[in-house]
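A.B. asks: Below you'll find the structure I mean.
The values are calculated or read from the model by the stated rules, or taken from the named source; none is laboratory data. No experiment lies behind these values; they were computed from the predicted model shown. Please note: Cβ atoms are built from the backbone with ideal geometry, for glycine as well, and neighbour counts cover all protein chains shown. Protein only, heavy atoms only, side chains kept; ligands, DNA and RNA dropped before computing areas. Shrake-Rupley method; radii C 1.70, N 1.55, O 1.52, S 1.80 Å.
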Amino acid sequence: MQTDAFGPELPLERTTRFAELLLPVPIPKLFTYRVPHILQDSVQQGQRAIVQFGDRKIITGVIINIHETPPKDYEAKYILEVLDHQPVVTPVQLKFFQWIADYYACTTGEVLNAALPAGLKLSSESRVQLHPAFNLDESDQPFSEKELIVLKRLSHEALTYTEISKLLGVKHLYSILKSLAGKEAIILFEEIKDKFKPKTEKRIRLQPEYAIASALEKLFETLASKPKQEAVLLRYLQEVPVLSDSARNRNGIAKKDLIDEEISESSLATLIKNKILEEFEIVVSRFAELEAGEAPPIHLSADQQHALNATLQAFSTHQNNLLHGVTGSGKTAIYINLIKQALEGGSQVLYLLPEIALTTQIVHRLKKVFGAAMGIYHSRFSDNERVEVWNGVLSGKFKFIVGVRSSIFLPFDNLGLIIIDEEHDASYKQQEPAPRYHARDAAMMMAHFQHAKVLLGSATPSVETFYHAQEGRYGYVRLDKRFGEAQLPAMVLADMGIERKSKTIKGEFSGLLLRNIDEALKKSEQVIIFQNRRGYSPVVNCEDCGWVPKCVNCAVSLTYHQFRHALVCHYCGYKESLPEKCPTCTSPRLKTVGYGTEKIEEELSLHFPEANVQRMDLDTTRSKTGYESIIDQFEKGETNILVGTQMVTKGLDFDHVSLVGIFNVDRMIHFPDFRSYERAFQLVTQVSGRAGRREKPGTVILQTSDTEHPLLKLIIEHNYTDFYRIELADRKQHEYPPFSRLIEVTLKHTDKKICKAAAVQLTDTLKNSLGGIRVMGPGEPMISKIRNQFLMSILVKIPRGKTDLQQTKNSILSKIGFLVKEKEYRSVRVIVDVDPV
Ligand SMILES: Nc1ncnc2c1ncn2[C@@H]1O[C@H](COP(=O)(O)OP(=O)(O)OP(=O)(O)O)[C@@H](O)[C@H]1O
Ligand SMILES: [Zn+2]
């Protein structure tokens, strides 16, 4: 027998249905809830439901299964509300979420949490408000004491679930809220449903009875003595030809476009009051409606046409395909062709980009071609905008999405093509928090589920991708020439050793680079300078005792930022002011060592006082439009020199860049990581690729103290093939990807000893249990403490194809499970990163 105090009169016999929900929590299971009788016939898989989770929390989950078996060991709670009429998560998405959880060793709940935009997730923080039509004094409904307490408070302010629960001192609010909602006193969940608020626009139009010539004439006669109102009307008629086009009048014009200094708002209000003009509201897209068809038709070059044909050919035999086209070869033109074809065939298309910085230019180019069918999805958008895209994909409004990695979670159900631009880019990998997925690899799995084709594009493919192409697993198309007359840039090494001896270095600028910048500026050409360190100086030290300021929370030295006049930790954000004297020896001789982008910007301004220098790095692009304005100014030629971190390296397409300067290549090459050569090759090739993309040839100057380094030789010859051959041999010898898969296990604890002991124990267990698999470590990672947590890491190398990958992962997870059950290790956090980059 069940007690349903607020359900409708119950027939004696009825079946009780249960729904299993996926909740956005890191617990590896589904949760069973009871379906209220009233919803029994309407619940569906993929709808969102609100449930109570734990004692106090209210959260939104997604319905996965519906059945009639009550849970064995607990009493199921009721679903509080079902939020959707139609599913908002598709079956194929659920399958995909499950795959991500299995592959990346996390819970499906964590995947759901990452996938749903916050606007689709109601939680304890959601609010309850009074019903707008409700008035306590006029109501003749009986209210309980508790209900009255809630209503009185709600008459002052909207409250969250948590607040109401505190106010009443009760845990279970459902019956009270349901009762109040039944009496139409509050809006229960309404706000939640409306957490996504469509954007509206106020518009003005002429009342239809005046939209005929005779009536309009009369109207002007009556307004003759009211010049201000007449002016409003005239302005409206200027914009909207009401007599010749009645449809235009029905649409009216935006109120904000009608009003300016010459038009008085009060006259407008009078005209509205007198029923001459009418004010109305429409729901508008948050994405300015984009005009399609502005783009000139693209005529592919013979090489591009050939590559396009080859790609289509490759699609007929392979799901995954690599378009290996040098920088400036015009890969985008080929993408556009393929996207058009896929859309015309009726399927959805996803275009992935690794970073927001890259979206600005590409989005502009694609917008012109695809207009309103194209949606854009990335984290700089507000939550409402993200919900709009989510719903737009569901409703079919957006058939084509351009976005960064999280767009693989959108509710596609009919994908035909996924383009993964700059596929080699490490930003496709999510680092923190779980799911630590690689959007490129996950997208390929999504394509598999939906029978879509994948095109990976890059001028510098990742070693793994190129390997698969070589092995015939991926289709492969190469485009070796730049579009039009453009040539690959000339690569020149600036020998810092020699320049140091001959004293031609100024600061850290080689004489060669300075001379070339000067020449470029004289010819009104633009310059890009790349340095992968932000801030002013990466290190400060005392010239007398050698003291270096360190972060109090992390094992790193602090970076000096001049514009904030502070020492900043790039790992935890800790900040302190630069001391006047050395705190250990009191010497005032503190000097900054090394060059960050800020210092380079400053010195360039000193060397070239006439030039307009701009900086693009994390510090200058925090705002939503930060990138856009910097790129825009550079595009327009208002900026002469652009200094930046890896943000300036890829995808950007400018007409007048003839020189690229690269600081400190040596540091990139010698970075202690098995991928450092690959990274250096890619970064340098990509940033070099920004030079000479049109008729004017480009030059790249690389500052190095090691001109004989074999990797530099390959880079300056644009020799990807030999780079790959040598790199692959090295990977094979050391059993790195693509010859193995890596799983990195990181342990964190505030006590170094505990962290280390746990890591040693886990390593031993793994070594004993994972027969035939190499377990390396434990060791301190390069940064051994972050945010007061000491870190230890273990690397598991799984030979490709030899072991059951899933079984190995499960085994690792279960050993971790045992470890953290031990008393002394209970507070150790263990992070599993599959395919770390
Ligand atoms: N068929 C074409 N017609 C006109 N312009 C073209 C054509 N193909 C390419 N371009 C122009 O050539 C330039 C380089 O093309 P694009 O940006 O697509 O290169 P890319 O291959 O993506 O290079 P990167 O890897 O460096 O990003 C762009 O300005 C583009 O507009
Ligand atoms: Zn820190």
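A.B. asks: Does the range 720-734 include one or more residues that are in contact with a strand residue (DSSP E or B) (Cβ under 9 Å, 6 or more places away or on another chain) and either outside any helix (DSSP H, G or I) or polar (S, T, N, Q) (or both)?
C.D. replies: Taking every residue of the range 720-734 in turn, none turns out to be in contact with a strand residue (DSSP E or B) (Cβ under 9 Å, 6 or more places away or on another chain) and either outside any helix (DSSP H, G or I) or polar (S, T, N, Q) (or both).
A.B. asks: Are any residues in the range 598-653 within 16 Å of ligand 1 (Cβ to nearest atom) and charged (D, E, K, R), and if so, which ones?
C.D. replies: Asp632, Glu635, Lys636, Lys650, Asp653
A.B. asks: Given (1) over 18 Å from Thr108 (Cα atoms); (2) open to solvent by 10 Å² or more (accessible area, probe 1.4 Å), identify the lone condition not met by Val387.
C.D. replies: (2) is the only condition that Val387 fails.
A.B. asks: Consider Asp84 carefully, then state whether it is on the phi < 0 side of the Ramachandran plot, open to solvent by 70 Å² or more (accessible area, probe 1.4 Å) and among the charged types (D, E, K, R). It would help to see each step written out before you state the result.
C.D. replies: Numbers: on the phi < 0 side of the Ramachandran plot: yes; open to solvent by 70 Å² or more (accessible area, probe 1.4 Å): no; among the charged types (D, E, K, R): yes.
The answer is no for Asp84.
A.B. asks: Residue under question is Pro697, and the condition is that it be part of a loop (DSSP other than H, G, I, E, B) and open to solvent by 30 Å² or more (accessible area, probe 1.4 Å); does it hold?
C.D. replies: The answer is yes for Pro697.
A.B. asks: So which residues in the range 347-378 are without any contact (Cβ under 8 Å) to a residue 60 or more places away in the chain and of a type in the set (Phe, Trp, Tyr)?
C.D. replies: If the condition is that a residue be without any contact (Cβ under 8 Å) to a residue 60 or more places away in the chain and of a type in the set (Phe, Trp, Tyr), then Tyr377 is the only one that fits.
A.B. asks: Another question, then. Ile528 passes all but one of (1) within 16 Å of ligand 1 (Cβ to nearest atom); (2) among the aliphatic types (A, V, I, L, M); (3) over 27 Å from Gly692 (Cβ atoms); which number fails?
C.D. replies: Condition not satisfied by Ile528: (3).
A.B. asks: Further question: Just the residues that are over 26 Å from Lys166 (Cα atoms) and either assigned to a strand (DSSP E or B) or at pLDDT 90 or above (or both), please, taken from the range 114-155.
C.D. replies: If the condition is that a residue be over 26 Å from Lys166 (Cα atoms) and either assigned to a strand (DSSP E or B) or at pLDDT 90 or above (or both), then Ala114, Ala115, Leu116 are the ones that fit.
A.B. asks: Would you mind telling me which numbered condition in (1) open to solvent by less than 50 Å² (accessible area, probe 1.4 Å); (2) under 24 Å from Arg679 (Cβ atoms); (3) within 16 Å of ligand 1 (Cβ to nearest atom) Ser658 fails?
C.D. replies: (2)
A.B. asks: Then there's this: Filter the range 812-829 down to residues that are assigned to a helix (DSSP H, G or I) and in contact with a helix residue (DSSP H, G or I) (Cβ under 6 Å, 6 or more places away or on another chain) and give me whichever is surrounded by the most Cβ atoms within 10 Å (Cβ to Cβ).
C.D. replies: Tyr825
A.B. asks: Pick from the range 426-453 the residues that are of a type in the set (Ser, Thr, Tyr) and either open to solvent by less than 20 Å² (accessible area, probe 1.4 Å) or without any contact (Cβ under 8 Å) to a residue 40 or more places away in the chain (or both): which of them is farthest from Asn321 (Cα to Cα)?
C.D. replies: Tyr437
A.B. asks: If you go through the range 641-664, how many residues are modelled with pLDDT of 90 or more, part of a loop (DSSP other than H, G, I, E, B) and under 23 Å from Gly535 (Cα atoms)?
C.D. replies: Residues flagged as modelled with pLDDT of 90 or more, part of a loop (DSSP other than H, G, I, E, B) and under 23 Å from Gly535 (Cα atoms) within the range 641-664 amount to 2.
A.B. asks: Run down Ser407, Ser395, Ser382 and say which single residue is more than 26 Å from Ile298 (Cα to Cα), under 13 Å from the mean Cα position of the chain (by Cα) and open to solvent by 30 Å² or more (accessible area, probe 1.4 Å).
C.D. replies: From the options Ser407, Ser395, Ser382, the qualifying one is Ser382.
A.B. asks: Now for a different question. Just checking: which of the strands (runs of 3 or more DSSP E) contained wholly in the range 318-384 hold 3 or more residues that are at pLDDT 95 or above and not assigned by TED's automatic domain parsing to the domain that holds Arg693?
C.D. replies: Because the criterion is at least 3 residues that are at pLDDT 95 or above and not assigned by TED's automatic domain parsing to the domain that holds Arg693, the strands (runs of 3 or more DSSP E) in the range 318-384 that meet it are 320-325, 348-352.
A.B. asks: Can you tell me which of Glu576, Glu628, Glu638 is part of a strand (DSSP E or B), over 24 Å from Glu508 (Cα atoms) and either open to solvent by less than 30 Å² (accessible area, probe 1.4 Å) or in contact (Cβ under 8 Å) with a residue 24 or more places away in the chain (or both)?
C.D. replies: On the way: Glu628 fails: part of a strand (DSSP E or B); Glu638 fails: part of a strand (DSSP E or B).
One residue alone meets the criteria, Glu576.
A.B. asks: State yes or no: is His299 within 26 Å of Tyr428 (Cβ to Cβ) and of a type outside the set (S, T, N, Q)?
C.D. replies: no
A.B. asks: Having 2 or more residues that are buried (at least 18 other Cβ atoms within 10 Å of the Cβ) and touching a residue at least 40 places away in the same chain (Cβ under 8 Å) is the bar; report the strands (runs of 3 or more DSSP E) wholly within the range 492-564 that clear it.
C.D. replies: Counting at least 2 such residues, we get 526-530, 539-542.
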